[in-house]
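K.L.:
Right, I'll just put the structure down here and ask away after.
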Amino acid sequence: MGTYTIAVLPGDGIGPEVIEQAVQVLQAVANHYGHNFIMTQALVGLAAIEAEGEAISDVTMELCQQSNAVLFGAVGGGARFEGPNSKTQPENALYRLRKELVLFANLRPVRLFQALLNASTIKPEVLQGTDLLIVRELTGGLYYGKPSEIHETPQGADAIDTLVYTEAEIERILRTAFELARGRRKKVTSVDKANMLSSSRLWRRIADRVAADYPDVSLEHLLVDSCAMFLLRRPASFDVIVTENMFGDILTDEASMLAGSMGMLPSASLGTRQTEYGVFGLYEPIHGSAPRAVGQDRANPIAAILSAAMLLQYSLGLKEEAKAIESAVEHVIEAGCRTPDVQEVGKKVVGTKEMGGLIAETI
Ligand code: IPM
Ligand code: MN
(Lines give C-alpha, C1' and ligand atoms only; values in the text may rest on other atoms or scores of the structure.)
(Ligands and ions follow the chains in the order given, each with its own letter.)
Protein backbone atom coordinates (compact mmCIF):
# COMPACT_ATOMS: atom_id res chain seq x y z
CA MET A 1 0.00 0.00 0.00
CA GLY A 2 1.22 3.46 -0.76
CA THR A 3 0.64 6.95 -2.02
CA TYR A 4 1.83 7.78 -5.51
CA THR A 5 1.65 10.97 -7.58
CA ILE A 6 0.84 10.85 -11.29
CA ALA A 7 0.61 13.89 -13.60
CA VAL A 8 -2.09 13.21 -16.21
CA LEU A 9 -1.81 15.08 -19.52
CA PRO A 10 -4.61 13.95 -21.87
CA GLY A 11 -3.76 16.45 -24.64
CA ASP A 12 -5.50 16.60 -28.01
CA GLY A 13 -7.59 14.52 -30.40
CA ILE A 14 -8.43 11.09 -29.02
CA GLY A 15 -5.93 11.64 -26.17
CA PRO A 16 -8.61 12.63 -23.62
CA GLU A 17 -10.88 9.72 -24.65
CA VAL A 18 -8.24 7.01 -24.19
CA ILE A 19 -6.66 8.59 -21.10
CA GLU A 20 -10.07 8.69 -19.40
CA GLN A 21 -10.17 4.90 -19.75
CA ALA A 22 -6.59 4.45 -18.55
CA VAL A 23 -7.37 6.58 -15.48
CA GLN A 24 -10.45 4.46 -14.79
CA VAL A 25 -8.32 1.30 -14.96
CA LEU A 26 -5.70 2.84 -12.62
CA GLN A 27 -8.53 3.70 -10.22
CA ALA A 28 -9.69 0.07 -10.34
CA VAL A 29 -6.14 -1.04 -9.50
CA ALA A 30 -6.00 1.46 -6.61
CA ASN A 31 -9.30 0.18 -5.20
CA HIS A 32 -8.39 -3.46 -5.55
CA TYR A 33 -4.89 -3.23 -4.07
CA GLY A 34 -5.55 -0.43 -1.58
CA HIS A 35 -3.24 2.18 -3.14
CA ASN A 36 -3.71 5.90 -3.31
CA PHE A 37 -2.93 7.29 -6.77
CA ILE A 38 -3.00 11.09 -6.64
CA MET A 39 -3.72 11.97 -10.28
CA THR A 40 -3.47 15.65 -11.23
CA GLN A 41 -4.61 16.72 -14.70
CA ALA A 42 -3.12 19.51 -16.80
CA LEU A 43 -3.33 20.78 -20.37
CA VAL A 44 -0.82 20.12 -23.17
CA GLY A 45 -0.78 20.63 -26.93
CA LEU A 46 -3.51 22.51 -28.81
CA ALA A 47 -5.71 22.56 -25.72
CA ALA A 48 -2.93 24.32 -23.76
CA ILE A 49 -2.14 26.74 -26.61
CA GLU A 50 -5.77 27.86 -26.62
CA ALA A 51 -6.13 28.18 -22.85
CA GLU A 52 -2.61 29.13 -21.72
CA GLY A 53 -0.87 30.46 -24.82
CA GLU A 54 1.79 27.75 -25.07
CA ALA A 55 1.94 24.01 -25.76
CA ILE A 56 3.06 23.33 -22.20
CA SER A 57 3.31 25.90 -19.43
CA ASP A 58 6.09 26.16 -16.86
CA VAL A 59 3.52 25.30 -14.19
CA THR A 60 2.69 22.03 -15.98
CA MET A 61 6.42 21.28 -16.43
CA GLU A 62 6.82 21.77 -12.69
CA LEU A 63 3.86 19.47 -11.94
CA CYS A 64 5.56 16.75 -14.01
CA GLN A 65 8.92 17.32 -12.29
CA GLN A 66 7.25 16.89 -8.90
CA SER A 67 5.37 13.68 -9.78
CA ASN A 68 6.45 10.05 -9.66
CA ALA A 69 5.33 9.61 -13.26
CA VAL A 70 3.48 11.24 -16.17
CA LEU A 71 0.58 9.68 -18.08
CA PHE A 72 0.33 11.34 -21.50
CA GLY A 73 -2.33 11.10 -24.22
CA ALA A 74 -1.39 12.73 -27.52
CA VAL A 75 -0.70 16.16 -28.96
CA GLY A 76 -1.12 17.74 -32.37
CA GLY A 77 -3.63 17.56 -35.13
CA GLY A 78 -3.23 20.98 -36.67
CA ALA A 79 -1.47 21.10 -40.02
CA ARG A 80 0.67 24.14 -39.22
CA PHE A 81 4.34 23.28 -38.80
CA GLU A 82 6.28 26.08 -37.20
CA GLY A 83 9.11 23.95 -35.88
CA PRO A 84 9.38 22.28 -32.48
CA ASN A 85 10.95 25.32 -30.80
CA SER A 86 7.79 27.34 -31.36
CA LYS A 87 5.68 27.49 -28.19
CA THR A 88 2.55 27.41 -30.33
CA GLN A 89 3.45 24.16 -32.08
CA PRO A 90 1.58 21.42 -30.14
CA GLU A 91 4.52 19.00 -30.49
CA ASN A 92 6.60 21.50 -28.50
CA ALA A 93 5.04 19.91 -25.40
CA LEU A 94 6.71 16.57 -26.15
CA TYR A 95 9.88 18.30 -27.28
CA ARG A 96 10.21 20.14 -23.95
CA LEU A 97 9.10 17.24 -21.76
CA ARG A 98 11.59 14.84 -23.35
CA LYS A 99 14.56 17.22 -23.16
CA GLU A 100 13.91 18.96 -19.83
CA LEU A 101 12.91 15.77 -18.00
CA VAL A 102 15.85 13.93 -19.67
CA LEU A 103 13.58 11.16 -20.96
CA PHE A 104 16.33 9.62 -23.06
CA ALA A 105 15.13 6.02 -23.26
CA ASN A 106 11.94 5.35 -25.18
CA LEU A 107 10.75 1.75 -24.77
CA ARG A 108 8.25 0.50 -27.33
CA PRO A 109 7.40 -3.16 -26.81
CA VAL A 110 5.63 -5.08 -29.58
CA ARG A 111 3.94 -8.07 -28.04
CA LEU A 112 1.31 -9.92 -29.99
CA PHE A 113 -1.86 -11.22 -28.52
CA GLN A 114 -2.48 -14.71 -29.83
CA ALA A 115 -6.15 -13.88 -30.41
CA LEU A 116 -5.20 -10.92 -32.62
CA LEU A 117 -2.81 -12.70 -35.01
CA ASN A 118 -5.35 -12.30 -37.80
CA ALA A 119 -5.83 -8.58 -37.19
CA SER A 120 -2.47 -7.77 -38.75
CA THR A 121 -1.91 -7.40 -42.49
CA ILE A 122 1.16 -9.68 -42.11
CA LYS A 123 0.69 -13.45 -42.39
CA PRO A 124 0.11 -15.20 -39.03
CA GLU A 125 2.90 -17.75 -39.68
CA VAL A 126 5.39 -14.88 -40.05
CA LEU A 127 4.13 -13.16 -36.90
CA GLN A 128 4.02 -16.25 -34.72
CA GLY A 129 6.33 -15.83 -31.71
CA THR A 130 6.98 -12.11 -32.20
CA ASP A 131 7.89 -10.40 -28.92
CA LEU A 132 10.29 -7.54 -29.40
CA LEU A 133 11.26 -4.32 -27.68
CA ILE A 134 12.44 -1.26 -29.55
CA VAL A 135 14.64 1.03 -27.45
CA ARG A 136 14.65 4.41 -29.17
CA GLU A 137 17.06 7.18 -28.13
CA LEU A 138 14.78 10.15 -27.46
CA THR A 139 16.74 13.29 -26.58
CA GLY A 140 19.41 13.51 -29.27
CA GLY A 141 20.00 13.14 -32.99
CA LEU A 142 18.19 15.07 -35.71
CA TYR A 143 15.33 16.19 -33.48
CA TYR A 144 17.57 18.28 -31.23
CA GLY A 145 20.72 18.99 -33.26
CA LYS A 146 21.56 22.63 -34.02
CA PRO A 147 21.50 24.27 -36.49
CA SER A 148 18.04 23.34 -37.72
CA GLU A 149 16.61 26.02 -39.95
CA ILE A 150 15.44 27.18 -43.35
CA HIS A 151 17.36 30.01 -45.07
CA GLU A 152 15.72 32.10 -47.73
CA THR A 153 18.32 33.27 -50.23
CA PRO A 154 18.09 35.12 -53.55
CA GLN A 155 19.08 31.84 -55.27
CA GLY A 156 16.27 29.95 -53.55
CA ALA A 157 15.81 28.52 -50.08
CA ASP A 158 18.00 25.96 -48.38
CA ALA A 159 17.50 24.04 -45.16
CA ILE A 160 19.66 22.24 -42.65
CA ASP A 161 19.18 19.75 -39.82
CA THR A 162 21.99 18.40 -37.68
CA LEU A 163 22.49 14.80 -36.57
CA VAL A 164 24.74 15.00 -33.55
CA TYR A 165 25.41 12.46 -30.78
CA THR A 166 27.92 12.46 -27.97
CA GLU A 167 29.68 9.34 -26.80
CA ALA A 168 27.93 9.64 -23.43
CA GLU A 169 24.47 9.81 -25.02
CA ILE A 170 25.13 6.73 -27.14
CA GLU A 171 26.62 4.80 -24.28
CA ARG A 172 23.72 5.34 -21.86
CA ILE A 173 21.04 4.23 -24.33
CA LEU A 174 23.07 1.14 -25.27
CA ARG A 175 23.55 0.24 -21.62
CA THR A 176 19.78 0.57 -21.12
CA ALA A 177 19.19 -1.82 -24.03
CA PHE A 178 21.69 -4.39 -22.73
CA GLU A 179 20.23 -4.23 -19.22
CA LEU A 180 16.72 -4.77 -20.59
CA ALA A 181 17.94 -7.65 -22.78
CA ARG A 182 19.23 -9.39 -19.63
CA GLY A 183 15.64 -9.63 -18.42
CA ARG A 184 14.51 -11.03 -21.78
CA ARG A 185 16.04 -13.34 -24.42
CA LYS A 186 19.50 -11.74 -24.17
CA LYS A 187 19.83 -10.54 -27.73
CA VAL A 188 20.51 -6.94 -28.79
CA THR A 189 20.24 -5.68 -32.38
CA SER A 190 21.91 -2.30 -32.77
CA VAL A 191 20.54 -0.43 -35.78
CA ASP A 192 22.49 2.27 -37.63
CA LYS A 193 23.54 3.53 -41.05
CA ALA A 194 27.27 3.04 -40.55
CA ASN A 195 27.92 2.69 -44.29
CA MET A 196 26.98 6.37 -44.71
CA LEU A 197 26.83 8.33 -41.44
CA SER A 198 29.65 9.32 -39.07
CA SER A 199 27.23 9.37 -36.12
CA SER A 200 26.44 5.73 -36.92
CA ARG A 201 30.10 4.73 -37.09
CA LEU A 202 30.58 6.18 -33.61
CA TRP A 203 27.38 4.41 -32.51
CA ARG A 204 28.72 1.05 -33.75
CA ARG A 205 32.09 1.53 -32.07
CA ILE A 206 30.43 2.25 -28.74
CA ALA A 207 27.99 -0.66 -29.14
CA ASP A 208 30.95 -3.05 -29.50
CA ARG A 209 32.62 -1.55 -26.44
CA VAL A 210 29.50 -1.73 -24.26
CA ALA A 211 28.83 -5.31 -25.42
CA ALA A 212 32.10 -6.40 -23.83
CA ASP A 213 30.55 -5.65 -20.42
CA TYR A 214 27.63 -7.97 -21.20
CA PRO A 215 29.18 -11.30 -22.25
CA ASP A 216 25.86 -13.05 -21.54
CA VAL A 217 24.04 -10.91 -24.15
CA SER A 218 24.62 -11.29 -27.89
CA LEU A 219 25.00 -8.23 -30.13
CA GLU A 220 24.28 -7.96 -33.85
CA HIS A 221 24.57 -4.81 -35.99
CA LEU A 222 22.02 -4.13 -38.67
CA LEU A 223 21.71 -1.27 -41.14
CA VAL A 224 18.43 0.57 -40.73
CA ASP A 225 17.18 -0.24 -44.24
CA SER A 226 17.81 -3.97 -43.68
CA CYS A 227 16.13 -3.74 -40.31
CA ALA A 228 13.02 -2.23 -41.93
CA MET A 229 12.91 -5.23 -44.23
CA PHE A 230 13.63 -7.91 -41.62
CA LEU A 231 10.91 -6.53 -39.33
CA LEU A 232 8.42 -7.72 -41.93
CA ARG A 233 10.26 -10.83 -43.00
CA ARG A 234 11.35 -12.37 -39.70
CA PRO A 235 9.92 -10.28 -36.83
CA ALA A 236 10.10 -13.16 -34.36
CA SER A 237 13.90 -13.23 -34.60
CA PHE A 238 14.26 -9.88 -32.78
CA ASP A 239 14.50 -9.42 -29.04
CA VAL A 240 15.79 -5.91 -28.18
CA ILE A 241 16.39 -3.40 -30.99
CA VAL A 242 18.28 -0.23 -30.04
CA THR A 243 18.60 2.77 -32.31
CA GLU A 244 18.90 6.55 -32.63
CA ASN A 245 15.96 8.93 -32.39
CA MET A 246 14.64 9.24 -35.94
CA PHE A 247 15.40 5.68 -37.05
CA GLY A 248 13.45 4.62 -33.94
CA ASP A 249 10.55 6.91 -34.78
CA ILE A 250 10.16 5.30 -38.19
CA LEU A 251 10.83 1.68 -37.21
CA THR A 252 8.35 1.79 -34.31
CA ASP A 253 5.46 2.86 -36.55
CA GLU A 254 6.38 0.03 -38.88
CA ALA A 255 6.68 -2.48 -36.03
CA SER A 256 3.31 -1.42 -34.63
CA MET A 257 1.66 -2.91 -37.70
CA LEU A 258 2.86 -6.36 -36.58
CA ALA A 259 0.45 -6.02 -33.67
CA GLY A 260 -2.42 -5.23 -36.00
CA SER A 261 -3.02 -1.66 -34.91
CA MET A 262 -1.20 1.28 -33.37
CA GLY A 263 -4.08 1.28 -30.93
CA MET A 264 -2.52 -1.71 -29.17
CA LEU A 265 0.95 -0.34 -28.46
CA PRO A 266 2.10 1.41 -25.29
CA SER A 267 5.36 3.18 -24.63
CA ALA A 268 7.53 4.33 -21.78
CA SER A 269 10.04 7.17 -21.88
CA LEU A 270 12.41 6.69 -19.00
CA GLY A 271 14.57 9.38 -17.45
CA THR A 272 17.66 9.48 -15.30
CA ARG A 273 15.97 10.49 -12.04
CA GLN A 274 15.09 7.83 -9.47
CA THR A 275 11.85 8.30 -7.54
CA GLU A 276 11.06 6.67 -4.20
CA TYR A 277 9.61 3.72 -6.09
CA GLY A 278 11.47 3.39 -9.36
CA VAL A 279 12.67 5.45 -12.30
CA PHE A 280 10.82 8.60 -13.31
CA GLY A 281 9.11 8.29 -16.68
CA LEU A 282 6.44 9.44 -19.09
CA TYR A 283 3.98 6.90 -20.50
CA GLU A 284 1.96 7.31 -23.66
CA PRO A 285 0.18 5.32 -26.34
CA ILE A 286 2.15 5.49 -29.59
CA HIS A 287 -0.86 6.25 -31.81
CA GLY A 288 -1.00 10.04 -31.64
CA SER A 289 -4.04 12.33 -31.71
CA ALA A 290 -5.95 10.74 -34.66
CA PRO A 291 -8.14 13.85 -35.26
CA ARG A 292 -10.48 12.00 -37.61
CA ALA A 293 -11.56 9.55 -34.91
CA VAL A 294 -12.38 12.18 -32.27
CA GLY A 295 -15.70 12.12 -30.48
CA GLN A 296 -16.94 8.89 -32.03
CA ASP A 297 -16.21 6.52 -29.16
CA ARG A 298 -14.22 4.25 -31.48
CA ALA A 299 -10.59 4.85 -30.45
CA ASN A 300 -8.85 1.81 -29.02
CA PRO A 301 -7.98 2.59 -25.37
CA ILE A 302 -5.72 -0.47 -24.99
CA ALA A 303 -2.48 1.33 -25.90
CA ALA A 304 -3.19 3.94 -23.20
CA ILE A 305 -4.21 1.26 -20.69
CA LEU A 306 -1.06 -0.79 -21.35
CA SER A 307 0.96 2.43 -20.98
CA ALA A 308 -0.55 2.79 -17.52
CA ALA A 309 0.64 -0.78 -16.82
CA MET A 310 4.18 0.19 -17.84
CA LEU A 311 3.90 3.21 -15.53
CA LEU A 312 3.08 0.94 -12.61
CA GLN A 313 5.94 -1.38 -13.46
CA TYR A 314 8.78 1.08 -14.06
CA SER A 315 7.98 4.24 -12.09
CA LEU A 316 5.93 2.92 -9.18
CA GLY A 317 7.56 -0.49 -8.75
CA LEU A 318 4.13 -2.19 -8.75
CA LYS A 319 4.89 -5.29 -10.84
CA GLU A 320 1.98 -7.43 -9.72
CA GLU A 321 -0.48 -4.60 -10.39
CA ALA A 322 1.03 -4.05 -13.85
CA LYS A 323 0.59 -7.76 -14.61
CA ALA A 324 -3.02 -7.53 -13.45
CA ILE A 325 -3.72 -4.88 -16.10
CA GLU A 326 -2.02 -6.90 -18.84
CA SER A 327 -3.99 -10.01 -17.88
CA ALA A 328 -7.25 -8.05 -17.83
CA VAL A 329 -6.56 -6.74 -21.36
CA GLU A 330 -5.75 -10.25 -22.55
CA HIS A 331 -8.89 -11.62 -20.92
CA VAL A 332 -11.18 -9.10 -22.62
CA ILE A 333 -9.57 -9.75 -26.02
CA GLU A 334 -9.81 -13.51 -25.53
CA ALA A 335 -13.49 -13.02 -24.71
CA GLY A 336 -13.90 -11.68 -28.26
CA CYS A 337 -14.32 -7.92 -27.70
CA ARG A 338 -12.73 -5.65 -30.30
CA THR A 339 -12.59 -1.94 -31.02
CA PRO A 340 -13.14 -1.12 -34.74
CA ASP A 341 -9.38 -0.87 -35.51
CA VAL A 342 -8.89 -4.60 -34.84
CA GLN A 343 -12.37 -5.73 -35.74
CA GLU A 344 -12.82 -9.26 -37.12
CA VAL A 345 -15.79 -11.19 -38.41
CA GLY A 346 -17.56 -12.98 -35.58
CA LYS A 347 -16.18 -10.73 -32.83
CA LYS A 348 -18.11 -8.24 -30.76
CA VAL A 349 -17.35 -4.63 -31.68
CA VAL A 350 -17.23 -2.32 -28.66
CA GLY A 351 -16.52 1.39 -28.26
CA THR A 352 -13.77 3.17 -26.33
CA LYS A 353 -15.83 3.46 -23.15
CA GLU A 354 -17.13 -0.10 -23.16
CA MET A 355 -13.63 -1.52 -23.77
CA GLY A 356 -12.21 0.56 -20.88
CA GLY A 357 -15.09 -0.41 -18.64
CA LEU A 358 -14.68 -4.13 -19.36
CA ILE A 359 -10.95 -4.00 -18.58
CA ALA A 360 -11.52 -2.02 -15.36
CA GLU A 361 -14.22 -4.50 -14.30
CA THR A 362 -11.91 -7.46 -14.92
CA ILE A 363 -9.36 -5.95 -12.50
C1 IPM B 1 6.31 9.77 -31.65
C2 IPM B 1 5.69 10.90 -32.43
C3 IPM B 1 6.48 12.15 -32.15
C4 IPM B 1 7.91 11.91 -32.62
C5 IPM B 1 5.88 13.41 -32.78
C6 IPM B 1 4.46 13.65 -32.35
C7 IPM B 1 6.74 14.62 -32.47
O8 IPM B 1 5.65 10.59 -33.79
O9 IPM B 1 6.32 9.86 -30.40
O10 IPM B 1 6.76 8.80 -32.25
O11 IPM B 1 8.20 12.07 -33.80
O12 IPM B 1 8.73 11.55 -31.79
MN1 MN C 1 6.39 8.60 -34.27
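K.L.:
If I stretch the segment between residue 335 and residue 40 completely, what's the gain in nm (0.36 nm per residue apart, minus their alpha carbon distance), one decimal?
P.N.:
102.9 nm
K.L.:
So if each residue of separation counts as 0.36 nm, and I subtract the Cα-Cα distance between residue 276 and residue 343, what length gain in nm does that give?
P.N.:
So the extension gain works out to 20.0 nm.
K.L.:
Report, for the chain, the % of DSSP beta bridges that are antiparallel, rounded to 5.
P.N.:
40
K.L.:
May I ask you to list the trypsin sites (Lys or Arg not before Pro) in segment 1-102 that are in a DSSP loop and have at most 13 other Cβ atoms within 10 Å of their Cβ?
P.N.:
80
K.L.:
Continuing with the same structure: So how do 277-288, 346-357 stack up, highest first, on mean other-Cβ count within 10 Å?
P.N.:
Answer by packing, highest mean first, reads 277-288, 346-357.
K.L.:
Beyond 23 Å, what percent of the Cα pairs of segment 116-203 remain?
P.N.:
Across segment 116-203, Cα pairs with separations above 23 Å total 49 percent.
K.L.:
Another question, if that's okay. How much length would be gained if the chain were fully extended between residue 88 and residue 195, taking 0.36 nm per residue of separation minus their Cα-Cα distance, in nm to one decimal?
P.N.:
Difference between extended and current length: 34.7 nm.
K.L.:
Any chance you could check the Cα centroid distance between segment 9-40 and segment 192-245 for me, in angstrom?
P.N.:
Each part reduced to its Cα centre gives a spacing of 36 Å.
K.L.:
Another one. Once every DSSP H run of n ≥ 4 in the chain is given -39500 (n - 2.57) and the sum is divided by its residues, what mean residue ellipticity at 222 nm do you get, rounded to the nearest 500 deg cm²/dmol?
P.N.:
-12000 deg cm²/dmol
K.L.:
Note down the Stokes-Einstein diffusion coefficient of segment 284-334 in µm²/s, whole number, using a Kirkwood radius over alpha carbon pairs, 20 °C, and 1.002 mPa s.
P.N.:
Approximately 179 µm²/s, per Stokes-Einstein.
K.L.:
Something else: In whole percent, and with a 1.4 Å probe on the protein chains, what portion of the accessible area of segment 234-289 is carbon and sulfur?
P.N.:
59
K.L.:
Once you have the alpha carbon radius of gyration of the chain, what is it after dividing by 2.2 N^0.38 Å, with N set to its residue count?
P.N.:
That works out to 0.97 for the chain.
K.L.:
Tell me, what is the per residue accessible area of segment 1-152 in Å², probe radius 1.4 Å?
P.N.:
Here the per-residue accessible area is 41 Å².
K.L.:
Enter the mean projected area of the convex hull around the alpha-carbon atoms of segment 105-165, in nm², rounded to one decimal.
P.N.:
7.2
K.L.:
Could you sort 3-12, 43-52 so that the peptide with the highest average Cβ count within 10 Å comes first and the rest follow in order?
P.N.:
3-12, 43-52
K.L.:
Further question on the same structure: Give me the net charge for the shell around residue 338: Cβ to Cβ below 12 angstrom, other residues only, Lys and Arg +1, Asp and Glu -1.
P.N.:
-1
K.L.:
I want the local charge near residue 133. Using Cβ-Cβ distances under 11 Å, sum +1 for each Lys or Arg and -1 for each Asp or Glu among the other residues.
P.N.:
Charge balance in the 11 Å sphere: +4.
The values are calculated or read from the model by the stated rules, or taken from the named source; none is laboratory data. Computed from a prediction, not measured in an experiment: that's the story for all the values here. Please note: Cβ atoms are built from the backbone with ideal geometry, for glycine as well, and neighbour counts cover all protein chains shown. To get the accessible areas, we keep the full protein, side chains included, count just its heavy atoms, and leave off ligands, DNA and RNA. Shrake-Rupley method; radii C 1.70, N 1.55, O 1.52, S 1.80 Å.
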